[in-house]
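Some notes on the structure that comes next.
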Amino acid sequence: MTAITEEIKNDVRKIVIDYFAEECEVNTDEINNNTHIFDDLDGDSLMFLELIELFKKKYNLNIDLKTIGKYSLKHPVRTIGELIDMQILIIEHENNIINID
Amino acid sequence: MDTPTFLFPAFVLKYKGNEVDIIKKYGVDFNEKLFEIKENTGVDITDFDILHNSFLDDEQKNQMISYLISCIFSDILKSQSIKPDYVSFLSMGIYSALYCTNSISFDDGAKIIKRVYELLNKQFCDKNYRMLAITGLSRNDIINILNKKSLNCEIVIKNNDHSFIIVGKENDINILLNAAKEEGAIQLNIFPVSIPYHSKQIDSEGFEDIIFEGIEVKNPSYKLFSSINQKQIDNSGKVKTEILKNLITNIDWHKTNIALIKQGVHEFVECGPGDSLKRISRFFDGDFNVYGMSKLV
């Protein structure tokens with residue numbers, strides 16, 4: 001279990017926003033917590049997976065994609081803010097994320 | 001930019017929205033082309049309206065509009081001196097790829113699409129087949145579900161390590177969909193397709209004579225790369241074989257792209273409506289870029 005610091009939170013936020021800005025060809029200042037990933041950015045599930053892979057490598061995480069899929073069933077991610085929160089939870093809990101209510 | 005490889009998509013799942021603007025920018029009379037398809041094949045796509053996402057749910061018209069836009073894009077690129085090193089295709093993208101390589105004419109490509117669709121539709125119109133895209137599970141995960149639930153489904157396309165297309169009867173596909181969701185799939189989409197393309201369910205005996213009647217197939221004038229066996233298709237005989245095999249053979253799109261990257265390809269152009277191939281390419285290893293038309297013209 002990783003202790004989440006302000007530095008990690010800021011890092012996750014920057015990576016997520018930079019990633020979507022580049023992939024979806026929008027400026028970073030057009031993306032905020034309420035930006036809808038699918039409706040506003042035309043994002044897709046493969047972007048979602050690529051970001052998870054990126055964080056897996058960066059933070060050396062033990063997390064199965066399937067675990068995230070199961071977690072997402074109960075906690076669907078639609079906005080950038082929700083995605084950032086979920087990525088932070090993944091870094092904090094790794095595969096144990098599935099046991100969080 | 002290196003000499004790019006042109007990739008032709010199967011059909012359109014979602015338009016980018018700028019396809020017709022790009023076509024008009026280069027002086028192509030798009031409406032005339034729509035009427036040409038109707039006159040040549042009887043398939044009426046003249047009411048196409050990109051703002052209303054026309055034909056996304058119509059299997060035959062979707063293939064036809066994808067073919068038309070892909071062919072025009074290929075012509076536009078060539079007119080701008082952007083010519084392909086290799087040409088490859090996913091699934092029904094084969095026909096626009098063959099047009100691009102000057103192996104078949106525009107009209108003959110449209111005729112082949114119509115003939116193939118009619119042959120397959122006759123075989124499967126009352127059989128309730130469906131196509132399901134699963135994202136977020138591995139091939140083994142999917143096979144385990146199929147075995148555990150005794151489902152008669154077939155993985156027909158591997159897009160990448162995390163994305164597969166499966167065909168099967170509607171009931172089995174629905175069971176698979178629910179099981180895949182429980183297993184942790186990130187996304188599940190049932191395509192508006194009723195024919196089990198690329199599966200062993202298709203009986204293609206007798207197709208050759210019907211498909212190629214009155215059709216002239218020439219040797220490809222660019223390097224045409226098979227998504228079936230990852231080899232070059234360098235003569236008209238192989239082109240005909242590829243068209244027939246493409247209907248009944250599983251496709252490994254991942255392997256095809258990796259093989260091209262190993263051949264030294266660094267730049268791909270997605271030559272068709274939407275951007276599905278660019279999206280799929282996210283999980284391919286290697287130093288490469290996939291560009292959409294709007295980035296180039």
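The values are calculated or read from the model by the stated rules, or taken from the named source; none is laboratory data. Just so it is clear, the model here is predicted, and its values are computed rather than measured. When we count neighbours, we look across all protein chains shown, and the Cβ atoms used for this are built from the backbone with ideal geometry, even at glycine.
General remarks:
- Members of the range B:70-107 that are of a type in the set (D, E, K, R) and touching a residue at least 24 places away in the same chain (Cβ under 8 Å): B:ASP75, B:LYS83, B:ASP85, B:ASP107
- Matching residues, the range B:275-289, being away from chain A (no Cβ under 12 Å) and either of a type in the set (A, V, I, L, M, F, W, C) or touching a helix residue (DSSP H, G or I) at 6+ places or on another chain (Cβ under 7 Å) (or both): B:GLY286, B:PHE288
The rows are residues; the columns are (1) assigned to a loop (DSSP other than H, G, I, E, B); (2) within 30 Å of B:ILE50 (Cβ to Cβ).
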{"residue": "B:ILE195", "(1), (2)": "yes, yes"}
{"residue": "B:LYS200", "(1), (2)": "yes, no"}
{"residue": "B:LEU224", "(1), (2)": "no, yes"}
{"residue": "B:GLN230", "(1), (2)": "yes, no"}
{"residue": "B:VAL269", "(1), (2)": "no, yes"}
{"residue": "B:LEU277", "(1), (2)": "no, yes"}
{"residue": "B:LYS295", "(1), (2)": "no, yes"}
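- Condition met for A:ILE80 (within 23 Å of B:ALA180 (Cα to Cα), touching a residue at least 24 places away in the same chain (Cβ under 8 Å) and either crowded, with 20+ Cβ neighbours inside 10 Å or within 14 Å of the chain's Cα centre (by Cα) (or both)): no
- Test: A:MET1 is of a type in the set (A, V, I, L, M) and loosely packed, with under 14 Cβ neighbours inside 10 Å: yes
- Among the residues making up the range A:53-77, those that are within 9 Å of chain B (Cβ to nearest Cβ) and in contact (Cβ under 8 Å) with a residue 24 or more places away in the chain are A:ASP64, A:THR67, A:ILE68, A:LYS70, A:TYR71.
- Candidate set: the range A:83-97, residues that are away from chain B (no Cβ under 13 Å) and more than 11 Å from A:ILE52 (Cβ to Cβ); chosen: the one surrounded by the fewest Cβ atoms within 10 Å (Cβ to Cβ): A:ASN96
- The residues of the range A:1-50 that are among the β-branched types (Val, Ile, Thr) and assigned to a helix (DSSP H, G or I), listed by number, are A:ILE8, A:VAL12, A:ILE15, A:VAL16, A:ILE17, A:THR28.
- Highlighted here are the helices (runs of 4 or more DSSP H) found entirely within the range B:40-150 that include at least 2 residues which are crowded, with 20+ Cβ neighbours inside 10 Å and among the hydroxyl-bearing types (Ser, Thr, Tyr): B:59-79, B:94-100.
- Applying the set (1) of a type in the set (S, T, N, Q); (2) closer than 22 Å to B:LEU7 by Cα; (3) more than 14 Å from every other protein chain (Cβ to nearest Cβ) to B:ASN160 leaves exactly one unmet item: (3).
- Within the range A:28-52, residues that are under 15 Å from A:ASP18 (Cα atoms) and within 14 Å of chain B (Cβ to nearest Cβ) sit with their Cβ atoms under 7 Å from residues that are of a type in the set (Gly, Ala, Ser) and part of a loop (DSSP other than H, G, I, E, B), at 6+ positions apart or across chains, in these pairs: A:ILE37/A:GLY43.
- Any hit, the range B:135-151, residues being within 19 Å of the chain's Cα centre (by Cα) and outside the structural domain of B:ARG115 (by TED's automatic domain parsing): yes
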